[in-house]
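Take a look at the structure set out below.
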Amino acid sequence: MYIIPAIDLESGKCVRLIQGEYHRRIIYEDDPVKQACRFIAAGAKWLHIVDLDGARIGKPVNTAVISAIAAAAKIKIEVGGGIRDEDDVKQLLDMGIDRVVIGTKATSDYEWFSKIVRKFGGKVASHGWTHNSSKTLLEFAVEASALPLAAIIYTDITKDGMMAGPNLERTKSIAKAVKVPVVASGGVSSIADIEKLAKLNLEGAIIGRSLYEGTLDLADAIKAAGGH
């Protein structure tokens, strides 16, 4: 299982939102490229980048910073946030991003999403998040998994940024129901969390706040996940 450090971008800085709420923001690093290099030095093989400004307005915003990270960081990168049309997808892939993450548009316009996934097969991941609608999310995951997706990323927003442990049951149910790789996100804060997730046959686990606040060491997390 890959341990995937998260870099959430707002106004060009590394921040974290608590439970996805923009007014509950913590700024951690003014230089995202420097932060990416720290993660690489600790052994990360993937980075998860979210353009929070882009997610808010529905169009990628922090593309200059993302491009700088991609140029400086010799690592696989996935990017999400505000990706709503084909040009957005192409722009990010042309920067050298390994896969784009589509969330809102995947559920609001599934026909468009299906077309994009087929066109850029293996380069698109879907991102599902929920407060409590696990049944709807599971149905979407099963339907989407018939497409040539790179991965499905599942975030329980009630856990995101809370450092209170991931939603193991829902993550397990999604991983069992689909045939594409599944990545867990939200609430991972301890080696015990990682060890439990590693038993669910996941591709990866995205970790954010606990790395920035030092409650979880990235190198230790990678070791606990099997060295990825």
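The values are calculated or read from the model by the stated rules, or taken from the named source; none is laboratory data. All figures in this text were calculated on a predicted structure; none of them were measured in a lab. Quick reminder, even Gly has a Cβ in these numbers, built from the backbone with ideal geometry, and neighbours come from all protein chains shown.
Here are the numbers for this structure:
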read-out: Residue list for the range 38-66, restricted to those being within 19 Å of E203 (Cβ to Cβ), touching a strand residue (DSSP E or B) at 6+ places or on another chain (Cβ under 8 Å) and not aliphatic (A, V, I, L, M); value: F39, K45, W46, H48
read-out: Per-region count, the range 165-212, residues part of a strand (DSSP E or B) and of a type in the set (V, I, T); value: 4
read-out: Residues of the range 65-83 that turn out to be over 21 Å from V183 (Cα atoms), at pLDDT below 95 and surrounded by 17 or more Cβ atoms within 10 Å (Cβ to Cβ), as a count; value: 1
read-out: In the range 106-143, residue surrounded by the fewest Cβ atoms within 10 Å (Cβ to Cβ) [restricted to those that are basic (K, R) and modelled with pLDDT of 90 or more]; value: R118
read-out: Condition broken by T158, with the remaining ones in (1) part of a strand (DSSP E or B); (2) hydroxyl-bearing (S, T, Y); (3) modelled with pLDDT under 90 satisfied; value: (1)
read-out: Looking only at the range 53-64, and only at residues there that are crowded, with 21+ Cβ neighbours inside 10 Å and assigned to a helix (DSSP H, G or I), the one that is modelled with the highest pLDDT; value: G54
read-out: Any hit, the range 147-155, residues being buried (at least 18 other Cβ atoms within 10 Å of the Cβ) and modelled with pLDDT under 90; value: yes
read-out: Test: residue in the range 9-20 that is farther than 20 Å from A184 by Cα, loosely packed, with under 15 Cβ neighbours inside 10 Å and in contact with a Phe, Trp or Tyr (Cβ under 8 Å, 6 or more places away or on another chain); value: no
read-out: The range 73-116, residues that are within 13 Å of A55 (Cα to Cα), basic (K, R) and assigned to a helix (DSSP H, G or I); value: K105
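To keep it simple, each residue is scored yes or no on (1) outside any strand (DSSP E or B); (2) modelled with pLDDT under 95; (3) surrounded by 20 or more Cβ atoms within 10 Å (Cβ to Cβ).
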{"residue": "I7", "(1), (2), (3)": "no, no, yes"}
{"residue": "Y22", "(1), (2), (3)": "no, yes, no"}
{"residue": "V33", "(1), (2), (3)": "yes, no, no"}
{"residue": "F39", "(1), (2), (3)": "yes, no, yes"}
{"residue": "G43", "(1), (2), (3)": "yes, no, no"}
{"residue": "I49", "(1), (2), (3)": "no, no, yes"}
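A quick yes/no check of all residues on (1) of a type in the set (S, T, N, Q); (2) touching a residue at least 40 places away in the same chain (Cβ under 8 Å):
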| site | (1), (2) |
| --- | --- |
| I27 | no, no |
| A44 | no, yes |
| G54 | no, no |
| N62 | yes, yes |
| A71 | no, no |
| E78 | no, yes |
| V89 | no, no |
| G96 | no, no |
| K105 | no, no |
